[in-house]
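Here's the structure, in structure tokens; my notes come after.
The values are calculated or read from the model by the stated rules, or taken from the named source; none is laboratory data. Treat the numbers as computed from the prediction; the structure is a model and nothing was measured. Cβ placement follows ideal geometry from the backbone for every residue including glycine, while neighbour counts extend to all protein chains displayed. Side chains are part of the model used for accessible areas, which takes the heavy atoms of the whole protein and leaves out ligands, DNA and RNA. Shrake-Rupley method; radii C 1.70, N 1.55, O 1.52, S 1.80 Å.
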Amino acid sequence: MKRVNRLFTDEVHLGTIMSFNKGETIYQPGDPSSCIYVVEQGRVKLAYLDDSGKKLTVAIVDQGKIFGEMCLVGEKTRKFLAIAVEETIVRRIGCNQVWHLLNRNPAYLLELVELFGARIQEIGEIVENLAFKDLQTRLSRQLLKLAGEHGVQTENGILIGLQLTHQELADMIGSARENTTLALNQFVREGILDKSRYRIIIKNQAKLKERCQVAY
């Protein structure tokens with residue numbers, strides 16, 4: 001997706017810059033879907049919100065990446081909740097502006113298709129995990145994914161470079177916070193992890209991969 005993102009970055013006149021505080025809602029289910037967003041600074045969480053208010057996190061969108069793109073394929077109202085994970089700046093670009101830009105640069109349509117494919121793959125993995133995997137397997141997979149996307153190598157292991165509460169991690173794997181805490185504590189006792197309130201370090205990645213039951 002680098003080419004699409006660079007295109008939007010180069011077109012600095014395009015769209016409207018918006019700032020959000022940590023935890024602030026960018027859009028919510030039912031809002032009109034008429035623009036895409038580019039993360040200029042910070043991170044954004046996309047989550048499914050059911051009628052009871054329970055959240056299931058589907059993606060963390062980093063700086064330089066795009067979200068809200070389903071408006072380009074006919075989405076009329078938002079299906080997901082978008083929340084700033086930290087102090088965040090985004091650029092909002094209307095669908096008509098995006099299509100005008102892509103019509104002038106048709107080579108970038110391929111990268112846009114790849115973005116849609118990546119989103120579909122993410123949703124498919126979430127459905128598979130919820131339907132067929134137990135809690136510890138789901139947690140292992142999520143921790144490895146976070147390590148791959150946000151990991152920082154330290155002398156003690158791989159530090160996940162996101163401040164995550166147990167509730168936020170539970171929202172990522174479709175679990176209750178209490179059960180997620182129990183599973184994390186089990187991994188700590190086994191020497192797989194080290195954790196504090198907001199910090200997680202993977203000390204034994206090989207063992208975590210074994211618990212994951214898949215090849216990474």
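Okay, residues lined up against (1) surrounded by 13 or more Cβ atoms within 10 Å (Cβ to Cβ); (2) modelled with pLDDT of 80 or more; (3) charged (D, E, K, R); (4) more than 25 Å from ILE173 (Cα to Cα):
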residue: VAL98; (1), (2), (3), (4): yes, yes, no, yes
residue: LEU102; (1), (2), (3), (4): yes, yes, no, yes
residue: GLY117; (1), (2), (3), (4): no, yes, no, no
residue: GLN121; (1), (2), (3), (4): no, yes, no, no
residue: ASN129; (1), (2), (3), (4): yes, no, no, no
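Which residues, counting only those in the stretch 175-196, are touching a Ser or Thr at 6+ places or on another chain (Cβ under 9 Å) and open to solvent by 30 Å² or more (accessible area, probe 1.4 Å)?
ARG177
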For this session: Say whether the condition of being at pLDDT below 95 and in a loop (DSSP other than H, G, I, E, B) is met by at least one residue in the stretch 178-188.
Result: no
For this session: Consider only pairs whose beta carbons are under 8 Å apart and that are at least six residues apart or on different chains; among these, list those whose first residue lies in the stretch 53-65 and is small (Gly, Ala, Ser) and whose second residue is modelled with pLDDT under 90.
Result: ALA59/ARG119; ALA59/GLU122; GLY64/ASN5; GLY64/THR9
Exercise. When the residues of the stretch 1-50 are filtered to those that are at pLDDT 95 or above and among the acidic types (Asp, Glu), which remaining residue is surrounded by the most Cβ atoms within 10 Å (Cβ to Cβ)?
Worked result: ASP31
Exercise. Since GLY64 meets every condition but one in (1) closer than 22 Å to MET18 by Cβ; (2) part of a helix (DSSP H, G or I); (3) open to solvent by less than 60 Å² (accessible area, probe 1.4 Å), which condition does it not meet?
Worked result: (2)
Problem set entry | Matching residues, the stretch 112-145, being touching a residue at least 60 places away in the same chain (Cβ under 8 Å) and within 13 Å of LEU208 (Cβ to Cβ) | GLN136, THR137, SER140, ARG141, LEU143, LEU144
Exercise. For the stretch 131-145, which residues satisfy the criterion of being open to solvent by 40 Å² or more (accessible area, probe 1.4 Å) and part of a helix (DSSP H, G or I)?
Worked result: ALA131, PHE132, LEU135, GLN136, LYS145
Exercise. Only one of VAL113, VAL73 is in contact with a helix residue (DSSP H, G or I) (Cβ under 8 Å, 6 or more places away or on another chain), at pLDDT below 95 and open to solvent by 80 Å² or more (accessible area, probe 1.4 Å); which?
Worked result: VAL73
Problem set entry | Residue within the stretch 197-206 that is buried (at least 21 other Cβ atoms within 10 Å of the Cβ), under 29 Å from LYS22 (Cα atoms), of a type in the set (Val, Ile, Thr) and out of contact with any Cys (no Cβ under 7 Å at 6 or more places or on another chain) present | yes
For this session: Please enumerate the residues belonging to the stretch 51-61 that are open to solvent by less than 50 Å² (accessible area, probe 1.4 Å) and among the hydroxyl-bearing types (Ser, Thr, Tyr).
Result: THR57
Exercise. Just wondering, is there one or more residues in the stretch 161-171 that are part of a strand (DSSP E or B), open to solvent by less than 60 Å² (accessible area, probe 1.4 Å) and touching a His at 6+ places or on another chain (Cβ under 9 Å)?
Worked result: no
